[in-house]
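These notes are about the structure you will find just below.
The values are calculated or read from the model by the stated rules, or taken from the named source; none is laboratory data. Since this is a predicted model, take the numbers as computed values, not measurements. Here Cβ is always computed from backbone atoms with ideal geometry, including for glycine, and neighbour counts include all displayed protein chains. What goes into the accessible areas is simple: the full protein's heavy atoms, side chains included, and nothing from ligands, DNA or RNA. Shrake-Rupley method; radii C 1.70, N 1.55, O 1.52, S 1.80 Å.
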Amino acid sequence: MTGEFIAFFILALLTIGGAVFMISFTRVVHMVVALAFTFLSIAGIYVLLEAEFVGMVQILVYSGAISILMLFGIMLTRHDASEVEEGKNPAKWLIRVGIAVFFIIVFFGIQSVQWSDKPADFTQKDNVKEIGVQMFTNYVIPFETVSVLLLVALVGAIILAKKEAEDE
């Protein structure tokens, strides 16, 4: 049992726990906090996998920007802050059994995989440099297409917000 294994196990439990809390909470603000917690745990797993650049991008983009954007969207819009009372759902036990069966199948599927005894060695290459070279040589067109798509989505959101303000 190495420290890396223990760190991975803890981060994996935090990731799964944050995801379960996110779907279990009834208040949207609590859901966003649990989702941000999940994003931070995933970033820690990326760092353990020696993908530091992806881990930092995960923190900056998902944990920071998207969580803050969701919180601002929640705070700036009108919504009913009261909690919804859930009735007795007779199919709930069937859903829980289905989830348990799914996890058992995934567990045994992972256990049956023949993993390589030799660990991967990524210390020979610089991750950030390789990502930059690939992004700006082989993937320039998709990169620019995504930036234009995000710009169009931003302009569309502004237009929709102005129309809503004019209607009131």
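Classified by the C-alpha gyration tensor, the chain has an oblate form. Its axis ratio a/c, with a ≥ b ≥ c, is 1.5 or above, and a/b does not exceed b/c. Given +1 at the Cβ of Lys and Arg, -1 at the Cβ of Asp and Glu and no other charges, the dipole of the chain around its Cα centre is 340 debye to the nearest 20.
The residue list Ala43, Gly3, Ile16 was ranked by how far each Cα lies along the charge dipole of the chain toward its positive end, using unit charges on Cβ atoms, and Ile16 comes out on top. Of all segments of the chain bounded by trypsin sites (Lys or Arg not before Pro) found in a DSSP loop with no more than 12 other C-beta atoms within 10 Å, the longest spans 1-77. Within the full protein context, the accessible area of Val33 is estimated at about 90 Å² for a probe radius of 1.4 Å. Span-like helix check, the chain: qualifying full DSSP H segments, with Cα axial length of 24 Å or more and mean Kyte-Doolittle of -1.0 or more, are 3-24, 28-48, 92-111, 140-167.
Using a 1.4 Å probe over the heavy atoms of the protein chains, calculate the carbon and sulfur portion of the accessible area of the range 1-77 as a whole percent.
The computed percentage sits at 83.
Size of the range 1-77 from its Cα atoms: along the principal axes, largest to smallest, the extents are 48, 26, 11 Å. Label Phe8 and Trp115 with points 7 Å out from Cα along Cα→Cβ: what is the distance between them in nm? If labels sit at Phe8 and Trp115, their model points lie 0.5 nm apart. Contact order for the chain, expressed relative to its length and based on alpha carbon pairs under 8 Å spaced 6+ residues apart, stands at 16 percent. The residues of the chain present an accessible area of 83 Å² per residue when probed at 1.4 Å with all protein chains retained.
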